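Chemist: Okay, here's the structure, questions in a sec.
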Amino acid sequence: MQAAGLRLLERNYRTPGRGGGEIDLILRERDGTLVFVEVRSRASRAFGGAGASIGSAKQRRIIFAARYYLMRCGAPPPCRFDAVLVEGDSVQWLRAAFDAQ
């Protein structure tokens, strides 16, 4: 992702307290867009693979953590939620994997 021009801002960002959220990576695009990234790894595609493990509950926790992170910003920049899926020797980067709704 850094080779694609994104700059790493945070790694393993967690909100304080119980029941909060966690974001694996927070990066910034050259245009200023903040990119919140969930990294999932599975040995195989059995049971839906890495992508299927990012269900609605996990998405809600990531969105919660992103909103908490954005409270530090005076004027929140454009944002998106990406996923990096690692399955065996395969790595797939899904841009805009889900939306904050």
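The values are calculated or read from the model by the stated rules, or taken from the named source; none is laboratory data. In this text the structure is predicted, and so the values were computed from the model without any measurement. Quick reminder, even Gly has a Cβ in these numbers, built from the backbone with ideal geometry, and neighbours come from all protein chains shown.
Chemist: Could you please let me know if Ala52 is of a type in the set (A, V, I, L, M, F, W, C) and modelled with pLDDT under 90?
Modeler: So Ala52 fits the description; yes.
Chemist: Residues in the range 59-93 that are in a strand (DSSP E or B), over 17 Å from Arg11 (Cβ atoms) and touching a Gly at 6+ places or on another chain (Cβ under 9 Å): how many?
Modeler: 3
Chemist: Still on this structure: Could you grab me the full set of residues in the range 68-101 that are surrounded by fewer than 15 Cβ atoms within 10 Å (Cβ to Cβ), touching a residue at least 12 places away in the same chain (Cβ under 8 Å) and among the charged types (D, E, K, R)?
Modeler: Correct list: Arg95, Asp99.
Chemist: Additional query: Check Arg30, Arg14 and return the single one that is over 11 Å from the mean Cα position of the chain (by Cα) and in contact (Cβ under 8 Å) with a residue 40 or more places away in the chain.
Modeler: Going through Arg30, Arg14 in turn, the sole match is Arg14.
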